[in-house]
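What follows is a set of notes on a single structure, which appears directly below.
The values are calculated or read from the model by the stated rules, or taken from the named source; none is laboratory data. Everything quoted here is computed from the prediction, not taken from an experiment. Don't worry about glycine lacking a Cβ; one is built from the backbone with ideal geometry, like all the others, and counts go over all protein chains shown.
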């Protein structure tokens, strides 16, 4: 469990909206550039690195532990979500390249047409209900929707998961004051299209105890913008990246990828 002292500042969830705005501000058409949504059907190339990491807060802890709680019930009883700060020290240099999943099908795109899909059965979204208790006995119910990407590979367990399922209680070390500042409804897109070892730069040896996770990725669906929250690594297992500001790549006419080096990382 990732635990941050309750005295830590809660990350205001308006900050998530500001990250989404940062995405949009870089999706501009210039003379020698194409917008990513035109160039890649709303699939964005992003980079996470050590320079964009914000200090973990109580809200990060609660979000990471919610996903850990879900994973222990639906995929792996021994699942543990670890923060990158628990893996690498402050002096470590690392970067992760991700491709955001398309969150909504585009009716005009042949890739998402019924003809293109053929007879393939689409994995439905699933709603999970999580009773949440604070250390003072306070109670909340968090509604969590898990969705497959509009195009891509959802995990097999998503198809088998019952809908409107009530999980066992998530007991937290936080008080009602902390918990009531957290949203009670969450939407995640879950895909299995990531690299098996995105944190290879931090690997200590050649062991891969979590190789079977096969590139699992959890994205927070915030107003149709995907923000990376948890990724799977073959050596470290599930890793929380929700406190890292993404840097958005740009696609130029010669198809090269250039990553922004002036992302605002102030908190």
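Checked against (1) over 14 Å from residue 229 (Cβ atoms); (2) at pLDDT below 90; (3) touching a strand residue (DSSP E or B) at 6+ places or on another chain (Cβ under 9 Å), residue 134 passes all but condition (2).
Of the residues making up the range 184-196, not a single one is without any contact (Cβ under 8 Å) to a residue 40 or more places away in the chain and outside any loop (DSSP other than H, G, I, E, B).
Taken together, 173, 154 contain a single residue that is more than 30 Å from residue 248 (Cβ to Cβ), at pLDDT 90 or above and assigned to a loop (DSSP other than H, G, I, E, B), which is 173.
Yes or no: residue 211 farther than 22 Å from residue 185 by Cα and modelled with pLDDT under 85? Even if it seems obvious, please write down each step before you answer.
Details: farther than 22 Å from residue 185 by Cα: yes; modelled with pLDDT under 85: yes.
When the stated conditions are applied, residue 211 passes them.
Name every residue in the range 157-167 that is part of a loop (DSSP other than H, G, I, E, B) and either under 30 Å from residue 99 (Cα atoms) or out of contact with any helix residue (DSSP H, G or I) (no Cβ under 7 Å at 6 or more places or on another chain) (or both), in order of residue number.
First, the residues of the range 157-167 that are part of a loop (DSSP other than H, G, I, E, B): 161-164, 167.
Scanning the range 157-167 gives 161, 162, 163, 164.
When only residues in the range 232-241 that are assigned to a strand (DSSP E or B) and free of Cβ contacts under 8 Å to residues at least 40 places away in the same chain count, which is farthest from the chain's Cα centre (by Cα)? I'd like the intermediate steps shown before the answer.
Looking only at the range 232-241, we keep the residues that are assigned to a strand (DSSP E or B), and these are 232-233, 237-240.
Next, from what is left, pick out any that are free of Cβ contacts under 8 Å to residues at least 40 places away in the same chain: 232-233.
Working: 232: 10, 233: 13 Å.
Only one residue tops the list, namely 233.
Is it fair to say residue 39 is surrounded by 17 or more Cβ atoms within 10 Å (Cβ to Cβ), touching a strand residue (DSSP E or B) at 6+ places or on another chain (Cβ under 7 Å), at pLDDT below 55 and not in a loop (DSSP other than H, G, I, E, B)? It is true that residue 39 is surrounded by 17 or more Cβ atoms within 10 Å (Cβ to Cβ), touching a strand residue (DSSP E or B) at 6+ places or on another chain (Cβ under 7 Å), at pLDDT below 55 and not in a loop (DSSP other than H, G, I, E, B).
Among the residues of the range 63-93, those identified as over 22 Å from residue 212 (Cβ atoms) and modelled with pLDDT under 90 are 85, 88, 89, 90, 91, 92, 93.
The condition (being touching a helix residue (DSSP H, G or I) at 6+ places or on another chain (Cβ under 8 Å), on the phi > 0 side of the Ramachandran plot and at pLDDT below 95) is satisfied by just one residue among 255, 223: 223. With respect to (1) out of contact with any strand residue (DSSP E or B) (no Cβ under 7 Å at 6 or more places or on another chain); (2) loosely packed, with under 15 Cβ neighbours inside 10 Å; (3) under 30 Å from residue 139 (Cβ atoms); (4) touching a residue at least 24 places away in the same chain (Cβ under 8 Å), the lone exception for residue 207 is condition (3). Scan the range 210-224 for residues that are loosely packed, with under 13 Cβ neighbours inside 10 Å and either within 16 Å of the chain's Cα centre (by Cα) or in a loop (DSSP other than H, G, I, E, B) (or both) and the total you get is 2.
Please work out if residue 229 is modelled with pLDDT of 85 or more, crowded, with 17+ Cβ neighbours inside 10 Å and assigned to a helix (DSSP H, G or I). Give the steps one after another, and end with the answer.
Working: modelled with pLDDT of 85 or more: yes; crowded, with 17+ Cβ neighbours inside 10 Å: yes; assigned to a helix (DSSP H, G or I): no.
For residue 229, the condition - modelled with pLDDT of 85 or more, crowded, with 17+ Cβ neighbours inside 10 Å and assigned to a helix (DSSP H, G or I) - is not met.
Scanning the range 108-131 for residues that are modelled with pLDDT under 50 and either in a loop (DSSP other than H, G, I, E, B) or under 16 Å from residue 158 (Cα atoms) (or both) yields 108, 109, 113, 118, 119.
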